[in-house]
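The structure appears right after this line, and notes come after that.
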Amino acid sequence: MGNNYLFTGFPGFIANQLIKKLIEKEGEVENIYVLTLPAMKEKAEQTKATIITNSRFPKENFHIYVGDITKQGLGLSAIDEEKLQDTTYVFHLAAIYDLAVPRDIAYLVNVTGTKHVNDWVKSLPAIKRYVYFSTAYVAGLREGLLKEDELIRPHAFKNFYEETKYEAEVLVEALKASLPVTIIRPGIVKGHSLTGETTKFDGPYLFLNVMDRLKRLPIFPKMGHKDAVVNLIPIDFLIEAVLYLSQEKIGEGKTYHLTDPNPYTVIEIYQMMLNEMLGKKPKGNMPLSIVKFFLSFASIRKWLRVEKEIIDYFTWLGKFDSSIAKADLAEANIRCPDLKEQIPSMVKFYLQHKVNNDYHIPIR
């Protein structure tokens, strides 16, 4: 008899990649339950169909439930809630990830929504593991070495996304004393390390958006603090690591930084992308005050397809310690690949799909 897995945040990229990898392990999965918003029901059905077509998983064992984590009981009907009582693993991924999100929306989804999921998980009689997806950037404006076993409120945050994910993690951390919890703090997630595949161009892809728009410029100056790093991890590393740590006893009661232990600086990433994208090298330097001025205009941000909030990461000097994750993942020989080797496939995938607006995120 297998286990029953519930995922919030379906049909999001991480959720569907987790499910695809999970059902490769025949005999371990009895049922897949996914929670999706009413507005996402059609896309959820399409994603389910694709997963079923590309696997041998029984269609009748993949169940889509329409709900809403911002509502008590996850917005489920009494009948659906009863059907889900045999859930053994819960992966809570639903969240607002937009760096420019207003506080009220971020709080409703990320904090209130997580409280509702927590309350629901506590009602499950057969729960074996509750896996919560936080972010390494709950550190806010704290700098220096940031450890996995710390959850310290910083004096400030760079945006409401960071702040509300911190508040939500505090709620989940409190459950460790009574429930089998694993908290995952990923770095910034990019596409597949080998194929470059992703479903949206956010985070580091905003660099590529700007380079594409300004490709006729004769000079691309450097930007950012020379010691500031941007911690990027590929989706395939995240999936392998999460499934291992959520299944094995070693992961129970722990918080993990699933981050690159050897990250590149902002300037190094910028140089690698610029060279791969346009065959150019940056020259000179541009003060970030000038960049921030231009990005204060919505019309410029929208044309460049870049969020102004990304600039805050160009000077931040925090570094994530991932010693606990590295030690526990070593048993399964799981490690984060070198970002430098991933840049060609990342740029190639971007160039193939940049004209498809479905990949681009809304810019405010």
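Cβ-Cβ contacts under 6 Å between residues 6 or more apart (or on different chains), taken from a first residue in the range 199-221 that is charged (D, E, K, R) to a second residue that is open to solvent by 30 Å² or more (accessible area, probe 1.4 Å), are listed as K200/Y359; K200/I361; D202/I361; K215/L278. Restricting G224, G187 to residues that are modelled with pLDDT under 95 and in contact with a Leu (Cβ under 8 Å, 6 or more places away or on another chain) narrows the list to G224. Taking the numbered list (1) in a loop (DSSP other than H, G, I, E, B); (2) on the phi > 0 side of the Ramachandran plot in turn, L74 passes all entries but (1).
Within the range 87-123, restricting attention to residues that are of a type in the set (A, V, I, L, M) and free of Cβ contacts under 8 Å to residues at least 40 places away in the same chain, the residue that is farthest from V230 (Cα to Cα) is L108. If you check F91, F57 for being under 27 Å from E252 (Cβ atoms) and assigned to a loop (DSSP other than H, G, I, E, B), only one passes: F57. Considering only the range 266-278, I want to know if a residue exists there that is on the phi < 0 side of the Ramachandran plot, in a strand (DSSP E or B), modelled with pLDDT of 95 or more and open to solvent by 20 Å² or more (accessible area, probe 1.4 Å). Taking every residue of the range 266-278 in turn, none turns out to be on the phi < 0 side of the Ramachandran plot, in a strand (DSSP E or B), modelled with pLDDT of 95 or more and open to solvent by 20 Å² or more (accessible area, probe 1.4 Å). Within the range 1-38, the residues that satisfy the criterion of being over 21 Å from the mean Cα position of the chain (by Cα) and among the small types (G, A, S) are G2, G27. Of all residues in the range 2-29, those that are closer than 13 Å to K48 by Cα and among the β-branched types (V, I, T) have Cβ atoms under 9 Å from Cβ atoms of residues that are modelled with pLDDT under 95 and part of a loop (DSSP other than H, G, I, E, B), 6 or more apart or on another chain, in I19/F57; I23/S55; I23/R56; I23/F57. Candidates are the residues of the range 81-105 that are among the aromatic types (F, W, Y) and closer than 18 Å to P11 by Cβ; the one that is surrounded by the fewest Cβ atoms within 10 Å (Cβ to Cβ) is Y97. If you go through the range 244-262 and keep only what is under 20 Å from the mean Cα position of the chain (by Cα) and surrounded by fewer than 20 Cβ atoms within 10 Å (Cβ to Cβ), you end up with Y244, Q247, K254, P261, N262.
Might you let me know whether the range 137-147 holds any residue that is under 17 Å from the mean Cα position of the chain (by Cα), over 23 Å from D80 (Cα atoms), among the acidic types (D, E) and at pLDDT 95 or above? No. Hey, can you tell me all the residues within the range 320-331 that are over 23 Å from L151 (Cα atoms) and at pLDDT 95 or above? Hit for the range 320-331 is A330, nothing else.
If we only count helices (runs of 4 or more DSSP H) wholly inside the range 288-364, which ones have 2 or more residues that are of a type in the set (A, V, I, L, M) and open to solvent by 20 Å² or more (accessible area, probe 1.4 Å)? By residue number, 288-295, 298-304, 323-330. Counting only residues that are touching a residue at least 24 places away in the same chain (Cβ under 8 Å) and charged (D, E, K, R), which one in the range 57-80 is most open to solvent (accessible area, probe 1.4 Å)? The selected residue is K71.
Residues in the range 94-127 that are β-branched (V, I, T) and at pLDDT below 95: 2 in all.
Among the residues of the range 143-185, the ones that are crowded, with 16+ Cβ neighbours inside 10 Å and in a strand (DSSP E or B) come to 6 in all.
The values are calculated or read from the model by the stated rules, or taken from the named source; none is laboratory data. Treat the numbers as computed from the prediction; the structure is a model and nothing was measured. All Cβ positions, glycine included, derive from the backbone under ideal geometry; neighbour counts span all protein chains shown. Only protein heavy atoms, including side chains, enter the accessible area calculation; ligands, DNA and RNA are left aside. Shrake-Rupley method; radii C 1.70, N 1.55, O 1.52, S 1.80 Å.
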